[in-house]
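First up is the structure itself, then whatever we jot down about it.
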C-alpha cells in the first residue's frame, strides 16, 4: 500500500514539497542547535522547559484522542465511524512521532537517548512515559495497517487484531495520564501540583483531537473523492462539545482552589498568566486569546444550528484547537516555571530558531500524516460503496 | 553447542535491542535498589566520612560583601563553574538570595525592606528525599547510599532537565552552551563539563575523599558554614540542630533538606 503515498497530482506534490521545505529549515536550525546547545532557545535555568515540551504535551493529547473514535466504533459498534476510524489512528501515529521528535530536540545530550533504555528507572515518570508512548505508536501502526490492508482486500480484519484494538483504549488513556504525571507529582510547583491535571489533560485532548479530526475530515472531503460522511462529523462535533465543557469545567476547578484558598503559591502562576505580575505581562494577551476562543467556540458548538452547519462547525473547531494549543502547548508549561522557585519572575519567550525548529517538527508530522492519509484515502476511493463489517 | 555467525549476530542484535548486553555489562546497575554506591578504588585513609552530611548556615557570620564573594568564588573556581555574564545561560552552585526569595511567602507586609532583603547563602540541600533523584530517567543524578550526598553522573545525564523542574530550590543549572570558554582560570584537578548536561553542588565529594572540607566551608568566615555528620550525636551540626532554632527551606514539601539555617546565631554560636 505504501506506493500510494507516491502517486499524486500536482497539488499533492506542491503540498508535499512545501512541508518538505519547512522540515528542511527545521533540520537546518536543529543542526545549529545541536552544535551550539540549547542556549539557542529562550530557555534558562529558571524556565528550563518551553515550547518544545509544550508541543510534546499538547500532541500526546492529540494522539490519545484517537480513542474517541475507537470507543464508539469498536466498543459500542457505532458503524458510522467505520470509514473514519482509520483517520484517527493515522493521526495518532503522526502525533506520537511528533512527540518523540519534540522530546529529541529538547534533549541536551540527544546522542545519549538510549540511556533511558540502558538504565531503566522505574521511579521516573519519564521512563514510563517513553514506554507508553512507544507502545502506543506500535499499537496504532499495527492496528491501522492491518485494518486498512483488510479493507483493501475487501475482507474483514483478522480476529487476532481485536484484542490489540481493545488494548489501545486504556493505552490511549495511559499515555496522557502518564504525561500529566510528569507535571502533577513535583513538589514546589504549585501550578502543576493538581490532582485534576490528568483529568484536565484527557478532557482537553478529547476536545482538541477530535476538533482537529473534523477539520482534517473536511479537508479530505474537499481535496479527494473520499467522503468521510456528514453524520460521523456531526457525532464528532458532539464529542468535542462535551469534552470541551469538561475541560473548561476542570480549568474552573483549578481557579476555584487557587483563589478561594487564597494561598499565594497557588495563585501566583495564574496571576502571572492572566493578569501579569511585577511589570511582566508577556503571556497575558495569549492567555486571554485562549480564554475568549474557548468561550466563543463553546458557545458556537452548543447551539445546534451552528454546530450542524459544517462551515461554522469548522470555524468553531479551529478556534477551539487554537485555544487549547495556547493553553496546553504554551501557558501550562511556562506557568509552572513563572514565578521561579525563588519567587522571582524570569519570563521566557521562544527564539526565532526555536520556533522554526518547532515548525519543522510540525511539518514532519504533517508530512507523515499526508502520506498516511493519502494511502488511506486511496484505499477508500477504490472501495467506495462497499461496506465492510469490522 | 556451537553457533554460526548468523546465529551469533541474531542473538547479539536482539539482546542489544533489549538492552540486555549493556545491563549485564554494568555492574553498578540495579533498578530495585534506591541508593547507588558506585564502585571506586580503595578510599583514601584520610577521607572524611559521615552517615549523613549536613550543613548549618549561620548568616550572622557573613558581614561584608567580601565574605559572600570569597565563599561563592571558592566553590565556583574549584569546580570550574563558568561565568557567562548573563542570566539566561547562568550556572551557579552556591549563591546569595534575599530572605524573601530564599524563604518565599515567609515575609510580612510590615517587614522592613532591609530585613526582607537580608542575604542568605543558598545551595543544593542534599535532600533526604530528593525529588530530582526520583524523577531522573537514567539515574544520572542519585543519592549516595553511604553519606546521603546527592550526586551527578555527567556522562550519563541526557539533559532532559526533569530534575530542574522537580527541584523546589532552583539548585540546578543546565549547560545551555559550551561552558569551557567561560571558565576564567581552569582548575585542572576538577573536570569541566560539556554542553547539554545538568550540574549542581556536590558537597565537594572530591575534597571529602581526600580529607578536606568543602571549598565553601573553608572559605567562609569562621563559623559561617558548619559542615558535619548529622547522624553523629556528637557532631557540631547535630548539636546546633538539636539545641538551637534552625529553619530549612521549604521543609513542608517533605524533601528533607540537609542544609539548616541558624536563626539568631549572633549571640551564641
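A short reminder: the numbers here are calculations on the coordinates, not readings from a lab. The structure presented is a predicted model; accordingly, all values stated were derived computationally and were not measured. Reconstructed Cβ throughout: ideal geometry from the backbone, glycine too, with neighbour counts over all protein chains shown.
Observations
- Of all the options A:356, A:219, A:375, the one that moves most in a Gaussian network model of chain A with Cα springs shorter than 10 angstrom is A:219.
- Judged by the gyration tensor of its Cα atoms, with axes a ≥ b ≥ c, the stretch A:113-251 is oblate; a/c meets the 1.5 cut and b/c is at least as large as a/b.
- In chain A, helical runs assigned H by DSSP with n ≥ 4 each contribute -39500 (n - 2.57); averaged across all residues and rounded to the nearest 500, the mean residue ellipticity at 222 nm is -23500 deg cm²/dmol.
- Rh (Kirkwood; distinct C-alpha pairs) - the stretch B:63-220, Å: 16.7
- Applying the Kirkwood pairwise sum to the alpha-carbon positions of chain A produces a hydrodynamic radius of 21.7 angstrom.
- Rg over Rh for the protein assembly as shown works out to 1.02, both radii taken from alpha-carbon positions and Rh defined as the Kirkwood radius.
- Measuring nothing but how far apart in sequence close Cα pairs (under 8 Å, 6+ apart) lie, relative to its length, the stretch B:63-220 scores a relative contact order of 30 percent.
- Length-normalised contact order of chain A in % [C-alpha pairs under 8 Å, at least 6 apart]: 31
- Within the listed set A:157, A:232, A:187, the Gaussian network model of chain A (springs between alpha-carbon atoms below 10 Å) gives the highest mean-square fluctuation for A:187.
- The stretch A:213-280 and the stretch A:22-77: distance between their alpha carbon centers, rounded to Å: 18
- Distance between the 7 Å Cα→Cβ label points at residue B:186 and residue A:345: 4.1 nm.
- Fluctuation leader among A:116, A:240, A:169 - chain A, Gaussian network, Cα springs under 10 angstrom: A:116
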